[in-house]
Every structure is written in structure tokens, then in C-alpha cells.
1. Which of the numbered conditions does residue 104 fail, given that it passes all the others? Conditions: (1) within 16 Å of ligand 2 (Cβ to nearest atom); (2) touching a Cys at 6+ places or on another chain (Cβ under 8 Å).
2. Taking segment 1-50 as the region of interest, how many residues are in a loop (DSSP other than H, G, I, E, B), farther than 17 Å from residue 165 by Cα, modelled with pLDDT of 95 or more and of a type in the set (A, V, I, L, M, F, W, C)?
3. Checking the conditions here, which among 189, 183, 124 is open to solvent by 10 Å² or more (accessible area, probe 1.4 Å), near ligand 1 (Cβ under 9 Å from one of its atoms) and not in a loop (DSSP other than H, G, I, E, B)?
4. Restricting to segment 128-158, give me the number of residues that are under 29 Å from residue 309 (Cβ atoms) and not in a loop (DSSP other than H, G, I, E, B).
5. Quickly run through segment 312-344 and pick out the residues that are open to solvent by 30 Å² or more (accessible area, probe 1.4 Å) and under 22 Å from residue 164 (Cβ atoms).
6. What residue, of 80, 88, 66, is among the acidic types (Asp, Glu) and within 27 Å of residue 159 (Cα to Cα)?
7. Within segment 115-132, track down each residue that is more than 16 Å from ligand 2 (Cβ to nearest atom) and in contact with a Ser or Thr (Cβ under 6 Å, 6 or more places away or on another chain).
8. Restricting attention to segment 258-275, which residues are of a type outside the set (A, V, I, L, M, F, W, C) and open to solvent by less than 20 Å² (accessible area, probe 1.4 Å)?
Amino acid sequence: METKRWTVDSGVDEKISYPQIQEAAHFLQRGHVVAFPTETVYGLGADATSDAAVKGIFEAKGRPSDNPLIVHVSSVGELDRLVAEITDVERKLMKAFWPGPLTIIFRKKEGVFSSLVTADLNSVGIRMPNHPVALNLIRLAGKPLAAPSANTSGKPSPTTADHVARDLTGKVAGIVDGGETGVGLESTVIDCTVTPPMILRPGGVSKEEIEQCIGKVDLDPSLKKEDSPRSPGMKYTHYAPTAPMFLVRDSTSMQKQINILRDEGKKVGVLVTRETAEDLSADFVRICGSRHQLDEVARQLYGGIRSFDDTDADVILAETYPPQGIAQAIMNRLEKAAGQKWLD
Ligand code: TXA
Ligand code: MG
């Protein structure tokens, strides 16, 4: 399959129709799969109401079909046609965080979405992305767009069009290149079909910010790390580089761990902040921002993890962060990328 690439300015005016975005929208209307930028990561979009179109997403990504997809809309007004009800809590969340990196799980309206989108659940995850290119594309396509992250399943999510191209060239109809994404990690997913609402995936909006808006929320039990042993070999890794990755509990012990691995003859890559990189000696050092600017770390995390695939590092060590605010999402992704493997 030929993969078209449209380059657009990330600052497009939402209300104007651009020929490149118009063409991408036509592809989507005809049931093709098109990658596009959002403020979190690149999404792999298809018409959420069409089985055939959504099937294309799963095929391109190699994604297991029991994992439901997020639906993207360009306005709150579209929701009445998509969900069974909108509760006061959901309205508050939309008002506070849309457009933005918050996916809300609603009770779905029957007969609207492809059952592949919802994995046959009676709920649907919806968000309105805060990116002019995404909003423009959804509006022009005239359809709610199902869009998981535009990576091969298991790889880190893409934060640039080049990341998408590397994973999916020849497998998707097109890629809208709107430059680098902003947040760098996926949206927070919150289930509002339960009381109190439950965070299923930490992301661009922190638990603290949500609680300021709607009061106490729960965390999915699998996210409560204090309760569960950090056992090796958990079910699956995700967001993972090719070389094995380990999390280093205390950045002051980073050099000691590097030396141990080098003594074993291994080439060592490290993913660290600027502060930790000072005085550090390793084979490949990738800096992902500052310890005092965790938004920066989030933005550069996936690109940093991916960058080791261009090296011959045998093993990767990653710096870790106290899991508060955005660092809750950072640590969730790092733990998955490392398959919960820690070094003290
Ligand atoms: O930032 C994002 O959310 C990106 C961009 C492209 O918007 N999208 C994204 O989609 O990360 P995806 O498909 O990779 O992640 C969807 C997550 C999965 O963890 C899935 O299990 C959960 O949302 N999810 C979707 N619908 C759900 C539902 N009805 N019930 C429970 N979880 C759901
Ligand atoms: Mg994903």
C-alpha cells in the first residue's frame, strides 16, 4: 500500500479548510486508515462507525482485538448522538479539560459504533483532542474517529510523523505530519460509568487536577503500585525499545549500575535528565529534559526510548521519578517499557 504524507502547519486555523487536510479527510470518509497528530501522541484514525475501516486499524498496528479504542470528536455537541447519557460529573470534566488529554468512558448509545471500537463493552471512551490539525480533520471527515496511538503494538507511541512512518509505512493510507506533539504521553482515561469515577490509565491530566474538579476518584487497582510486588515478567511489555530496559530506583546509583553492566561486556544506554547526565559515563546517553521540568520529560520520553533502536546498546537504564502529577503517567509508561524490571 502506498502511504501518502501530508505536511501541515501545526498552527492551522481550526475553521479554515486546508487542501491537505481535506484530502486526508476524504481518505477517512472512504474507510481508509490515516495517522494524524494530537496534543498527546499521533493517532491512527478511522471512521469509528465502520467495521471495515476500524478493522484496518487493528491490522496495521497488529493490535489484539479485545482492547477497545478511543473515539475522537471535534465538539461536545456531537456527544448526544454517540452516548446514552451525559452525567453532571462528565459535564464538569468536559468543561474543565476538553479539548485536552482526558478520555472519558461513557455509557454508549447502541448501534452507533463498530463493535470493534468498543470491544463489545456497553461503554465507549471519547475525547476531544486539543490540536488544531486533529480538530480540523475530524470536522472535515464528518465522523467520529477511532484512533489508538499510531505505533506498531508494543512499541512506544509516536510523538513525530517520522516515528509513525517508521512503524507503519506501507500499512496505512496516509500520515498527516503536523510536527512534534506537545504532551508526549497519552491521555488520562477515566471511567465515569462507576461511582466514584476510576482512573484506568494515568496520562496528560493528573489525578490531582481531576480531583480538584470533581472530588475524590479511584485508581484502577492495577495502578496502585504500593500494593503489588514489582514482580518481574508481568503479563506483557508495552512502549518497549528493542533492547531490555531497567529502571534505576535512585539516580545516584546510576553510574554504579552502568559499571556493573559494562564489566559484563555490555554496551549501556541511559535515559536520564540533564542533571543526572552530568558526570555520567555510558555508551549512549539520551537526555529527556530536566528533573525540575517533568512536562519536558514527558514530552521527550517516547522519542528517547525509541532512539536506542538506532544504537547497538545491549541494555538500557532509565532514571525514575516520584509518581506525582504528570510523573504518575511517566512512571506508568516507564514501568511498562521496562516490564517492571528494577535495579536498586
Ligand atoms: O492520547 C491518547 O489517548 C491517544 C491519542 C491518539 O488520542 N490514544 C490512545 O489510544 O492512546 P489507545 O487506543 O492506544 O488507548 C486506549 C486506552 C486503552 O488503554 C483502552 O483499554 C482504554 O483506553 N479504553 C478505551 N475504551 C475503553 C472502554 N470502553 N472501557 C475501558 N477502557 C477503554
Ligand atoms: Mg497505545
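The values are calculated or read from the model by the stated rules, or taken from the named source; none is laboratory data. Just so we're clear, the structure is a prediction, and the values are computed from it rather than from any experiment. So basically every Cβ, Gly included, is an ideal-geometry build from the backbone, and we count neighbours across all protein chains shown. Only protein heavy atoms, including side chains, enter the accessible area calculation; ligands, DNA and RNA are left aside. Shrake-Rupley method; radii C 1.70, N 1.55, O 1.52, S 1.80 Å.
1. Only one criterion is unmet by residue 104, namely (1).
2. 1
3. 189
4. 6
5. 336
6. None of the others qualify; the one that does is 66.
7. 123, 124, 131
8. 269, 273
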